[in-house]
1. Please give every one of the aspartates and glutamates within straight-line cross-link reach of LYS9, meaning a C-alpha to C-alpha distance under 14 Å, and leave out same-chain neighbours fewer than 8 residues apart.
2. Mind jotting down the three principal axis lengths of the stretch 305-428 based on Cα atoms? Whole angstrom, largest first.
3. Can you count the Lys pairs in the stretch 40-118 with C-alpha separation below 25 Å, eight or more apart or on different chains?
4. Between THR486 and GLU7, 0.36 nm times their residue separation minus their Cα-Cα distance comes to what?
5. Using helices alone, I'd like the mean residue ellipticity at 222 nm for the chain: each DSSP H run of four-plus residues gives -39500 (n - 2.57), total over residue count, nearest 500.
6. Using 0.36 nm times the number of residues separating GLU493 and LEU391, minus their current alpha carbon distance, what extension gain do you get?
7. For the stretch 424-498, just the Cα atoms, rotate onto the principal axes and tell me the three extents in Å, largest first.
8. Under the classification rounded if a/c is under 1.5, otherwise prolate if a/b is larger than b/c and oblate if not, where does the stretch 36-97 fall, given a ≥ b ≥ c as square roots of the Cα gyration tensor eigenvalues?
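Read the figures in this text as sums done on the coordinates, not as results from a lab. Quantities reported herein were computed from a predicted structural model and do not represent experimental measurements. Cβ placement follows ideal geometry from the backbone for every residue including glycine, while neighbour counts extend to all protein chains displayed.
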Amino acid sequence: MSHNVLEMKNIMKIYPNGIVAVEDVTLELQKGEIHALLGENGAGKSTLMKVLFGLESPEQGQIFLNGEEIQLKSPLEAIKKGIGMVHQHFMLVSSLTVAENIVLGIEPKKSIFVDMNKAIDISKELAKKYNFDIDVTQRVEELPVGIKQKVEILKALYRGADILILDEPTAVLTPQETEELFVQLKKLKELGHTLIFISHKLDEIKSICDRATIMKSGKSKGTYKVSEISTNEMSKLMVGRDVVMTFDKKPLSLKETALKVRNLIVEGTTGVVRVDDLSFDVKQGEIFGIAGVEGNGQGHLVEALTGLTKKYCGDILIFDQNISNKNINEIRKLKVSHIPEDRMTLGCAANMNIMDNLLSNQYQSSEYSGRFMLKLKKIEERVNKLIKEYLIKCKSYKQNVGMLSGGNIQKVVVAREFSTEPKIIIANQPTRGIDVGAASFIRQRIIEFRDAGCAIVLISADLNEVFELSDRLAVMYKGKFSGVFTDVKKLTEEELGKYMLGIKKDEVLEGIIYE
């Protein structure tokens, strides 16, 4: 009989703004298990884990480690007690190497200097022990997301973590990377580590977790053996309703060509070609999905399409206007909206309030701005309407966006981008790292825009999403399209995976260009 290595009893956490994030939650972990903490965004999962990692102190409740009560006043204390955390937004120093990040703060010394060779050896040994295939001399900024995640895990293990908290670890990974991560998590479990896996992806929890504690609105809905509960039951407990995973789309009705890309070549910061001679069209009334393993040029393509980079050759035409010498504002005036991949760095100003974030792209319009003053009453009405329409959970529009949960921050970004009557939407990972309910809501909106004749480019690492939403689907591999599929319904995940990994490649042009 496995014993409880950790117990959190009757934990209550209330934030200064009065929000009860966690209400009387008890969580018990058995040694050597992978325990899922499941729930929608804002259900209190991350807050509960912040309490366990010493980032937040609870208003009430106790924590027992191996039967002994412990007080955790800071992450340092948690680390000393063998509790490690891999955060959703990585905490790595990107200008340092992998090895430097792993030993940061507890570096091996040679007299008073850091012994860099030893740090490299330690990191190599560690990576080998846990089967992580990583070049520890590489700078972190050069690494793809999947590898960064592994560095975070190794960093925690180097600090002696017996209990490892993984916050949404697969939000940024492809199916193949996820599978690889799962192999490694099972290895950690075999080596006696206990893992807490925060997620809202039910199929992943099914495939890797032993037990799951389900949270809804700050309360626990109980702990279940994963093998004894169906995904449907899990979804009901977590959302309180059955989540619609399939969407009704009107039959495809193509209008004029909105976006034309011809022979596009985009270079990365180091001069490496990231988008390699790409040509395609997108018409109004369709969703053009782009799948692919992260880091195959999708991000650079989006930067070129939205005016974030001008370092490209080739042509991008929006309604037959070449945008090579247009700035971001001018491109937006052509009715282009952009949901960026990372809501925190490009999507919002976290320390500004909801109102400023919702209307940051509309303040210039005469509707909200008089000759000398902003029309505040108009603005207030507009913002309150958007908050209501997009179901943004907040106290009021005066709240800072950074105070909201991930799903609600994403809704603010989407509400802003969708409220300007766009004709082209570039949606880059529109539902990454957010809960089932918010994701379903955003996807529904994307379909409404498509049905109303909008042209949509959807870049997503979530295969369910690209399968469900796309009318045409391209796979990006090393800056080119390795395959384009016009009959998405007939495509299998396995088939798609082969194109994503470059195992299969087509010489594709038909199905991309309409002329």
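1. Reachable aspartates and glutamates: GLU23, ASP24, GLU28, GLU59, GLU68, GLU69.
2. Here the spans come out as 47, 36, 23 Å, largest first.
3. Close lysine pairs found across the stretch 40-118: 13.
4. Stretched fully, the THR486-GLU7 segment lengthens by 167.3 nm.
5. Value at 222 nm, helices only, nearest 500: -9000 deg cm²/dmol.
6. Full extension from GLU493 to LEU391 adds 33.5 nm.
7. 30, 27, 25
8. Oblate shape, in that a/c is at least 1.5 and b/c is the bigger or equal ratio.
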